[in-house]
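A quick write-up on the structure given underneath.
The values are calculated or read from the model by the stated rules, or taken from the named source; none is laboratory data. None of the values given here were measured: they were computed from a predicted structure. When we count neighbours, we look across all protein chains shown, and the Cβ atoms used for this are built from the backbone with ideal geometry, even at glycine. Please note that ligands, DNA and RNA were not included when accessible areas were found on the heavy atoms of the full protein model with its side chains. Shrake-Rupley method; radii C 1.70, N 1.55, O 1.52, S 1.80 Å.
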Amino acid sequence: MAREPDRHALDGLGILRAVVQAGSFVGAGEALGLTQPAVSRAVARLEARIGVRVFRRTARSISLTDEGRRFYESVEPHLRAIEEATLVARDSSAKVSGHLRVNVGPSIGQFVLTPRLQPFLAQHPGLSIELAVRDRMGDLVREGFDVAVRFGYPEPSALKARLLMRTRVITCASPEYLARHGEPRRPSDIAKHQCVLMRDPSTGSHFAWEFVRGEKVIPVNAPGQLMVNDIGPMLAACLAGQGIAQVLELYTREFLADGRLVQVLPEWADETYPLYVYHHSAQLMSAKVRAFLDFVVALTRE
């Protein structure tokens, strides 16, 4: 049976978090064992205390207001810290445990994390990890992610961004393709070749191609019949002789080492691309997040 809130036991911030996670007052009430009116009253009291409207309500849905989102992003790490402190109090050994949700960019899970996770999980048997691939990072707080690992330059955010590594952008093709079509000798030669293009999710077109040597940058028009949105199909097409590709060196080392791919225009490969890990407040970090951060830092130093 649903019960009315105990004003000493129930915290308006905890109810706020439950509403955000459930996406509705009804769902939050079910999770907390409260009536929907009780949840609504608790949220109204919280809004009155802080002096801003936290939720935008319609007949069918609720969503955080801009002020509510900023407030929630500020308090949510503290709620996580309280949960962590409770676990530590119950277990003096403070083992890394629980469920860790990690937001990753396309192919990072496949090429960077998943092949190397087994020793980390074996070290922490009480921990489970969910890797969720997203074209864009989105809202970590609203979607319930603990950490994100993504290539690209960070945008302004309340999240903490830590640079893990930089990898070069290289241009490569299969030996078979180069035997048929010849090897480009200068960046402008790319216009005469077939290229395997990568879709830019922010524009819907393909990422622009550039060749960098020191301070000199040459943009080129890369023609191609095939555009993909993930590194797996790009590498498969390149290996099959479809054309020339620009790809992060991190993903090509194995193929370059065994000769299945050949780097072209290597003297024009000074462009680098950064890999960042994102997390909430460093001062209020849970044990599982701290352990995962230590893991990815050590991993990328390899």
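If you place +1 on the Cβ of every Lys and Arg, -1 on the Cβ of every Asp and Glu, and leave all else neutral, what size is the dipole of the chain about its Cα centre, to the nearest 20 Debye?
Dipole magnitude for the chain comes out near 580 debye.
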### Message
As an exercise, use a Förster radius of 25 Å and the Cβ-Cβ distance of residue 79 and residue 58 to find the FRET efficiency, rounded to the nearest 0.05.
### Response
0.45
### Query
Hey, what angle do you get for helix 36-50 against the long axis of the chain, alpha-carbon based, 0 to 90 degrees rounded to 10?
80
### Message
Rounded, prolate or oblate, given the Cα gyration tensor of segment 167-273, with a/c below 1.5 counting as rounded?
### Response
rounded
### Query
Taking the Cα-to-Cβ direction at residue 70 and at residue 24 and moving 7 Å from each Cα, how far apart do the two end points lie in nm?
3.1
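For the chain, what % of the accessible area comes from carbon and sulfur atoms, probe 1.4 Å? Don't skip to the end; give the middle numbers.
Details: 8220 of 16170 Å².
In the chain, the share of accessible area belonging to carbon and sulfur is 51 percent.
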### Query
What's the FRET efficiency of residue 208 with residue 185 using the Cβ-Cβ distance as r and R₀ = 22 Å, to the nearest 0.05?
0.55
### Query
Which ³J(HN,Hα) values, rounded to whole Hz and listed in residue order, are derived for segment 123-128 from phi using the Karplus coefficients 6.51, -1.76 and 1.60 in 6.51 cos²θ - 1.76 cosθ + 1.60 with θ = phi - 60°, glycine and proline given as x?
6, 10, x, x, 10, 10
### Cα-projected label distance for residue 257 with residue 298, points at 7 Å along beta-carbon direction, nm
2.1
### Probe 1.4 Å, accessible area per residue of the chain, Å²
54
### Message
Which three extents, in angstrom, do the Cα atoms of segment 61-188 have along their principal axes, listed largest first?
### Response
66, 41, 29
### Task
List every residue whose amide H lies under 5 Å from the amide H of residue 228, counting only residues 5 or more places away in sequence or on a different chain, with H placed 1.01 Å from N in the peptide plane.
197, 198, 199
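Rounded to the nearest 0.05, what FRET efficiency do residue 158 and residue 225 give with R0 = 45 Å and r taken as the Cβ-Cβ distance? Could you check?
It comes out at approximately 0.60.
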